[in-house]
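Before any comments, here is the structure.
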Amino acid sequence: MTAAASWPSVEGLAYGGDYNPEQWPRETWDEDVRLMREAGVNLVSVGIFSWAMLEPKEGLYDFAWMDELLDLLHANGIAADLGTPSVSPPAWFFHQYPQARVTDKNGTVMGFGSRGMASHASPEYREAIARMAGELAKRYADHPAVVLWHVHNEYGVPVGEDFGPRAVESWRRWLQERYSTLEGLNAAWGTAFWGQRYGDWEHVVAPAATPTIANPAMKLDWARFTDDQLRECFRIERDAIRAHATQPVTTNFMAHQSWNTDLWKWAQEVDVVSDDHYLWSPDPDAHVGLALSADLTRSVAGGKPWMLMEHSTSAVNWQGRNIAKRPGEMRRNAVTHLGRGADAIMFFQWRASRSGAEKFHSAMLPHAGASSRVFREVVELGGHLKDAAAVQGAEVQADVAVLYDWESLWAQDLEWRPSDDVQFRERMRTFYERLWRDNVTVDFAHPSHDLSRYKLAVAPASYLLTASSAANLTRYVEGGGTLLVNFFSAIVDENDAVHEGGFVAPLRDALGLTVEEFLPLREGDAATVRWTRGAEVELPSDVWQDDIALAGAEVVAEHASGPGAGRPAITRNTHGQGTGWYVGTRLSVGALRTVFDAVYADAGIETSGLPETLEVVTRRGAAEDFVIAVNHGDDAARVPVAGIDLLTGTETDGELEVPGGGVAVVRASRMSGGGAD
Ligand code: GAL
């Protein structure tokens, strides 16, 4: 096996999208490549759903059309990201191997006629994907168009879990490896509760449909198992490719929108991290979620440039109301990704499909054709990315780490929590949005990571926090860090068991408190908090109050109403060289402002004072900085920067005006510290 490259060999920033020419007559391909050139496309993803075309019958391959396609792309200077089609095995496969279908938790076997993962536990599926990936790699290892391998498509979506008999066998093996003995498993799952004790491995079942909730520790392990199995399938294909080819291998993640995949682990397996992101249309500020997803992707990539593998030029087709992007919005979205570390800007998909489930999905080349607004904007964006090519390789630096752990998401999402209104994703987004509105650039980090380079670490939703991660956070504070912890954090260990010593006990030293009892509010009830540090302010709160048992922390705010009235709500604790803050209620983005202003002061973070709708991120190159600004407001806004806007050629010696809805990519001489924020 030869070491793979860590970035596809494409000149400049990569630009393009999924390309499915098998849906079109041959003459359309010529028009496609002509228009791709016009748009500045230099990379397309092909073959992702092409298994039935590449192997029309078991063992009978037809690579002629793929040869022709890759040759055509190469002749036109367009590189290929070659997919392995394992997300969509052909009809013959399921006919031949019906046992390779996925079974859902109610025992329903999923039929053919859609798309999605076959059973990850099926030996026939595993053998078939290894064979197909190997055949493709053998044939195209040296094809000059192929610069990247795109294994599968969005692991875990639409289905990740499989409750079929094969999966249950793998599950038992997986548990035996994890726990060695049944005593180990019984202890970890707390099976003394409800008489669930196992006396034989054969009696262990999957957490399928049960009369009432299934053992939460079992379900948490099931999530780990599912993630592990999907990753095993990825490795099978990756290794089959690497046996023949040296181009880098990726698979497209769905950072903040995925559930089944622990991307801290996945990122270790790929040569280059790539991600898909789609705006969530019910959210009028969906661009904040986009920025979160981009920062999370960059963070799992270890800060290295990453690829935006898919986003949309306009509406998607799979939400309740599919909102079209307004003029300039696609460009803002793309430039946000660029600013947050993406060196490839790609779309689903090049040409809109006439048939099938996604015919109402936007594309780079929409049904309306090349004379459409969308295509004009696609061409314009291609030009921008050429102009901004110098950004390539520059890295984002942040002073703040937001703690994100998929295991904690899985655990918190289980049933029978103190309040349905406490949601991991909602809290993550709200805390992130506060930082986003303050133009404070953040990385995401796992709570076990070394945080010493950050001035501030924020834990919006660390329900599951192991004793060793808590010790890591405590050391961080001792060493001078500022830690901000939100309520319902440090509650359980890796087995979803409440920490000995009670809620928040593992962070008692860092925060100077524990929590005696949760006091959630009734649905829709509102409360307030009286903030008394510096100025006295009344802040709205809802959903939750903690009954805090102080152990040294100073009270900076009290619950002014609700079940916890008169009790501490927000606290600050000095520990070692650092400070531990705790927020014992649910605060909105607006209310968090008071808290963050005080926390920034402790952490030595200066905010920019820029308008909240102006997003500014700095990417640091070898010798220069790139200040990337996206104006989400309607009015022009001024960015304090000296340099040249690569998109317009405008030179500025102190302030650049970015029009309402506009963007800028300014090449600036090296700035001090972390950048414009
Ligand atoms: C993605 C998927 C694409 C396409 C797209 C539509 O999640 O990878 O194949 O279905 O959604 O938005």
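All of the numbers you see were taken from the coordinates with simple rules; none came from a lab. Predicted model, so just to flag it, every value in this text is computed and none were measured. All Cβ positions, even for glycine, are placed from backbone atoms using ideal geometry, and neighbour counts span all protein chains on display.
Values for this structure:
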{"item": "Footprinting exposure proxy for Leu82, Leu519 (fewest neighbouring C-beta atoms within 10 Å first)", "result": "Leu519, Leu82"}
{"item": "Cα centroid separation, the stretch 289-357 to the stretch 238-287 (Å)", "result": "13"}
{"item": "Distance between the stretch 436-487 and the stretch 109-144 - C-alpha centres, whole angstrom", "result": "40"}
{"item": "Efficiency of FRET from Cβ geometry, Trp318 and Glu38, R₀ 35 Å, rounded to 0.05", "result": "0.75"}
{"item": "Mean residue ellipticity (222 nm) of the chain, computed from DSSP H runs ≥ 4 via -39,500 (n - 2.57), nearest 500", "result": "-9000 deg cm²/dmol"}
{"item": "Rounded if a/c under 1.5, otherwise prolate or oblate - the stretch 400-603, Cα gyration tensor axes", "result": "rounded"}
{"item": "Fraction of beta bridges assigned by DSSP in the chain that are antiparallel (%, nearest 5)", "result": "55"}
{"item": "Extension reserve of the Val555-Arg522 stretch, reckoned as 0.36 nm per residue once the Cα distance is removed", "result": "9.4 nm"}
{"item": "Selection of GluC sites (Glu not before Pro), the stretch 462-571, meeting DSSP coil and at most 12 other Cβ within 10 Å", "result": "Glu500, Glu523, Glu536"}
{"item": "Residue exposure sequence - Glu27, Glu183, Glu154 - by fewest surrounding Cβ within 10 Å", "result": "Glu27, Glu183, Glu154"}
{"item": "Label-point separation in nm, Tyr61 to Ala601, each point 7 Å along Cα→Cβ", "result": "6.8"}
{"item": "Ordering of 400-410, 415-425, 464-474 by packing [mean C-beta count within 10 Å, highest first]", "result": "400-410, 464-474, 415-425"}
{"item": "Of Lys138/Lys265; Lys265/Lys304; Lys304/Lys386; Lys57/Lys138, pairs whose Cα-Cα distance is over 24 Å", "result": "Lys138/Lys265"}
{"item": "Under-5 Å amide H pairs with Ala551, H placed in peptide plane, nonlocal only", "result": "Leu513, Thr514"}
{"item": "Prolate/oblate/rounded call for the stretch 614-668, Cα gyration tensor, a/c under 1.5 rounded", "result": "prolate"}
{"item": "Per-residue ³J(HN,Hα) for the stretch 655-669, Karplus 6.51 cos²θ - 1.76 cosθ + 1.60, θ = phi - 60°, Hz, x for Gly and Pro", "result": "8, 10, 8, 9, x, x, x, x, 9, 8, 10, 9, 7, 10, 6"}
{"item": "Residue order, fewest to most surrounding Cβ atoms within 10 angstrom, among Phe347, Phe193", "result": "Phe193, Phe347"}
{"item": "Stokes-Einstein D in µm²/s, Kirkwood radius over Cα pairs - the chain at 10 °C with 1.306 mPa s viscosity", "result": "60"}
